[in-house]
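Chemist: To start, I am sharing the structure in question, which I have written as structure tokens.
The values are calculated or read from the model by the stated rules, or taken from the named source; none is laboratory data. Only a predicted model underlies this, so the values are computations on that prediction, with no experimental measurement involved. So basically every Cβ, Gly included, is an ideal-geometry build from the backbone, and we count neighbours across all protein chains shown. Ligands, DNA and RNA are excluded from the accessible area calculation, which covers all protein heavy atoms including side chains. Shrake-Rupley method; radii C 1.70, N 1.55, O 1.52, S 1.80 Å.
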Amino acid sequence: MPSSAIAISLIAAMITGGTVDPGPGGGSSLTLNLKESFADTKAKLAAEGTANILFLGDSLTLRDGSYWPYLQTLFQREYGNAGPGYQPFSQWTGVTFDSGWTYGYINADTTPRRAIDGLWASSTSSPWPPVSTGASMFARSDDVEIHYILQPSGGTFTISPNSAPPLAFINTAATASGVGIWSHHFAPTDNRLMWFQPQGNGQVIILGQNAKVNAPGVRMHRAANGGWGVGNFVLRDYSFDGQVAALEPDLIFVWLGQNDWAYNFTGYVASMGNLVTRLQNAAPGAEIVLIGTYDSNANHLGTVVSAVREVANQRNVGYLDVYVSGGIYAFYSINGYLDDVVHFSHLGGRYIAHHLWRAWKTDGESVTNTLPIPACSGDANLDNKTDGSDLTVLLGTFGGQNMPRYIGADFNGDGRVDSSDLSILLNGFGCDQSIK
């Protein structure tokens with residue numbers, strides 16, 4: 001549909017309250033198998049258990065303005081916080097490296113295709129060369145699991161709390177390649193800055209950490225990289241399968257497609273089917289939900305979204321449409337939901353998080369081809385409403401600098417709470433998207 005027609009269609013729908021063009025699949029096919037896909041995880045949480053939810057995605061999931069951190073807050077506020085989840089061993093997630101390391105890059109698929117998200121680091125350096133060769137990562141909770149590669153001729157590395165004596169000497173040599181896990185509990189008073197030091201007796205490959213909290217609730221894991229599509233996940237090496245298994249997911253969301261312009265319908269059905277098979281083999285107890293990506297006005301997306309739905313139908317896994325139910329491209333532009341021409345702004349991330357959250361809460365009944373409800377602008381406490389409690393949050397932090405990115409009153413994500421954020425809040429005051 002041309003951009004002018006999109007704008008006219010959107011404005012007409014706003015005026016008449018009608019539906020928008022349902023695109024691939026159409027109204028009744030906007031979800032598949034969601035109630036069944038969500039049931040086991042919901043039952044586990046209702047019994048005050050711990051649920052692991054894994055997200056595979058591209059830059060829409062990875063970037064600062066993504067939906068993912070907001071959705072994590074919504075899940076953990078409702079059910080409890082079971083920990084921050086998976087964090088790759090990468091300079092883009094706060095790991096600091098001295099010399100002597102090679103690693104996987106963001107917005108790339110660095111060979112060899114290691115790790116669940118392509119972000120890893122390796123070294124063969126010894127501890128006492130003329131320059132330091134260690135790396136440091138902060139443990140994001142008291143209980144952590146370090147994922148690393150086991151392989152023939154693998155080397156040894158130590159983990160120390162900053163400059164203190166080592167907590168462990170970890171030998172990565174093994175007869176067969178796989179994923180190793182080192183677990184540790186930090187006391188509340190312990191220094192949680194972990195120093196990783198290769199010993200120079202073979203290659204050491206660190207993949208990341210799984211940060212846990214010993215409490216009921218949700219632990220969400222993000223495995224995403226910029227520019228990635230279904231082929232990047234299909235081509236991962238054995239470490240992908242090992243890490244998926246180690247994270248013990250109860251529910252896996254797969255949101256891809258923006259970068260998969262080179263596929264036809266048949267090819268995409270085959271590749272996404274291969275990824276579903278790989279996930280089911282690695283985590284046979286997990287339910288899988290495939291997401292039809294949002295309408296970014298790219299020509300290939302109709303084909304991709306239709307193919308995603310076909311895979312869900314063939315494989316009897318969950319399907320959740322965002323392409324139609326999330327609104328046409330002009331909807332995102334008009335509401336300020338885009339940071340550039342493709343990626344979500346902070347307001348857009350909040351909107352998408354609310355949209356997915358409502359789908360979770362209603363088992364997909366909220367997913368329709370009617371004009372979507374914009375997110376409640378100014379919802380500082382993420383309770384799906386903009387009211388006096390949000391104004392209290394804003395006034396309590398007004399004038400603040402370097403505010404938290406994902407919650408609070410910094411709605412435009414510029415690191416400040418100021419008059420622009422107050423304007424956003426007042427514009428959305430009275431909005432109520434709470435699920436009755």
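Chemist: With the condition kept exactly as written, say whether any residue in region 364-372 is surrounded by fewer than 21 Cβ atoms within 10 Å (Cβ to Cβ), within 26 Å of residue 307 (Cα to Cα) and not polar (S, T, N, Q).
Modeler: In the first step, residues of region 364-372 are kept if they are surrounded by fewer than 21 Cβ atoms within 10 Å (Cβ to Cβ); the result is 365-366, 368-371.
Add one more test, that the residue is within 26 Å of residue 307 (Cα to Cα), and what stays is 365-366, 368-371.
From what is left, the residues that are not polar (S, T, N, Q) are 365, 371.
Scanning region 364-372 turns up at least one residue that is surrounded by fewer than 21 Cβ atoms within 10 Å (Cβ to Cβ), within 26 Å of residue 307 (Cα to Cα) and not polar (S, T, N, Q).
Chemist: While we're looking at this one, here's another question. For region 71-109, enumerate the residues that are crowded, with 21+ Cβ neighbours inside 10 Å and either basic (Lys, Arg) or free of Cβ contacts under 8 Å to residues at least 40 places away in the same chain (or both).
Modeler: If the condition is that a residue be crowded, with 21+ Cβ neighbours inside 10 Å and either basic (Lys, Arg) or free of Cβ contacts under 8 Å to residues at least 40 places away in the same chain (or both), then 101, 103, 104 are the ones that fit.
Chemist: I would also like to ask the following. Filtering region 327-342 down to residues that are buried (at least 21 other Cβ atoms within 10 Å of the Cβ) and not in a helix (DSSP H, G or I), which residue is farthest from the chain's Cα centre (by Cα)?
Modeler: 328
Chemist: For residues that are open to solvent by less than 10 Å² (accessible area, probe 1.4 Å) and over 18 Å from the mean Cα position of the chain (by Cα), scanning just region 179-235, find the one that is farthest from residue 304 (Cα to Cα).
Modeler: Going residue by residue through region 179-235, those that are open to solvent by less than 10 Å² (accessible area, probe 1.4 Å) are 180, 186, 194, 196, 198, 204-211, 217-218, 220-221, 223-226, 228-230, 233.
Checking the rest, the ones that are also over 18 Å from the mean Cα position of the chain (by Cα) come to 180, 186, 194, 196, 198, 204-206.
Values: 180: 36, 186: 45, 194: 42, 196: 42, 198: 44, 204: 39, 205: 35, 206: 34 Å.
Ranking the candidates gives 186 first.
Chemist: Right, here's the next one. Would you check which residues across region 45-70 are of a type outside the set (Ser, Thr, Tyr), surrounded by 18 or more Cβ atoms within 10 Å (Cβ to Cβ) and closer than 18 Å to residue 361 by Cβ and list them?
Modeler: Those that are of a type outside the set (Ser, Thr, Tyr), surrounded by 18 or more Cβ atoms within 10 Å (Cβ to Cβ) and closer than 18 Å to residue 361 by Cβ: 45, 51, 53, 55, 68.
Chemist: Can you find a residue that is part of a loop (DSSP other than H, G, I, E, B), open to solvent by 10 Å² or more (accessible area, probe 1.4 Å), of a type outside the set (Lys, Arg) and in contact (Cβ under 8 Å) with a residue 12 or more places away in the chain anywhere in region 344-359? Before the answer, list the steps.
Modeler: The initial filter retains those residues of region 344-359 that are part of a loop (DSSP other than H, G, I, E, B), namely 345.
Subset that is open to solvent by 10 Å² or more (accessible area, probe 1.4 Å): 345.
Still in the running and of a type outside the set (Lys, Arg): 345.
Filter once more, so that each one left must be in contact (Cβ under 8 Å) with a residue 12 or more places away in the chain: 345.
Checked against the condition, which is being part of a loop (DSSP other than H, G, I, E, B), open to solvent by 10 Å² or more (accessible area, probe 1.4 Å), of a type outside the set (Lys, Arg) and in contact (Cβ under 8 Å) with a residue 12 or more places away in the chain, region 344-359 yields at least one hit.
Chemist: Determine, yes or no, whether residue 322 is within 16 Å of residue 355 (Cβ to Cβ) and surrounded by 24 or more Cβ atoms within 10 Å (Cβ to Cβ).
Modeler: Numbers: within 16 Å of residue 355 (Cβ to Cβ): yes; surrounded by 24 or more Cβ atoms within 10 Å (Cβ to Cβ): yes.
The answer is yes for residue 322.
Chemist: Test of understanding: among 284, 249, which residue is more than 23 Å from residue 368 (Cβ to Cβ) and without any contact (Cβ under 8 Å) to a residue 12 or more places away in the chain? Walk me through how you get there before you give the answer.
Modeler: Details: 249 fails: without any contact (Cβ under 8 Å) to a residue 12 or more places away in the chain.
None of the others qualify; the one that does is 284.
Chemist: Would you kindly identify the strands (runs of 3 or more DSSP E) lying entirely within region 191-278 that contain at least 3 residues that are in contact with a helix residue (DSSP H, G or I) (Cβ under 7 Å, 6 or more places away or on another chain) and among the charged types (D, E, K, R)?
Modeler: Working: elements: 193-198, 204-212, 217-224, 251-256.
Counting at least 3 such residues, we get no strands (runs of 3 or more DSSP E) at all.
Chemist: Checking residue 400 against (1) within 21 Å of residue 349 (Cα to Cα); (2) touching a Lys or Arg at 6+ places or on another chain (Cβ under 8 Å); (3) at pLDDT below 85, which test does it fail?
Modeler: (1)
Chemist: Evaluate region 161-173: report whether one residue or more is of a type in the set (A, V, I, L, M), assigned to a loop (DSSP other than H, G, I, E, B), in contact with a Pro (Cβ under 7 Å, 6 or more places away or on another chain) and on the phi < 0 side of the Ramachandran plot.
Modeler: Taking region 161-173 first, the residues of a type in the set (A, V, I, L, M) are 164, 167-168, 170, 173.
Filter again for assigned to a loop (DSSP other than H, G, I, E, B), leaving 164, 167.
Add one more test, that the residue is in contact with a Pro (Cβ under 7 Å, 6 or more places away or on another chain), and what stays is 167.
Going one step further and asking which of them are on the phi < 0 side of the Ramachandran plot, we end up with 167.
Scanning region 161-173, I find at least one residue that is of a type in the set (A, V, I, L, M), assigned to a loop (DSSP other than H, G, I, E, B), in contact with a Pro (Cβ under 7 Å, 6 or more places away or on another chain) and on the phi < 0 side of the Ramachandran plot, so the answer is yes.
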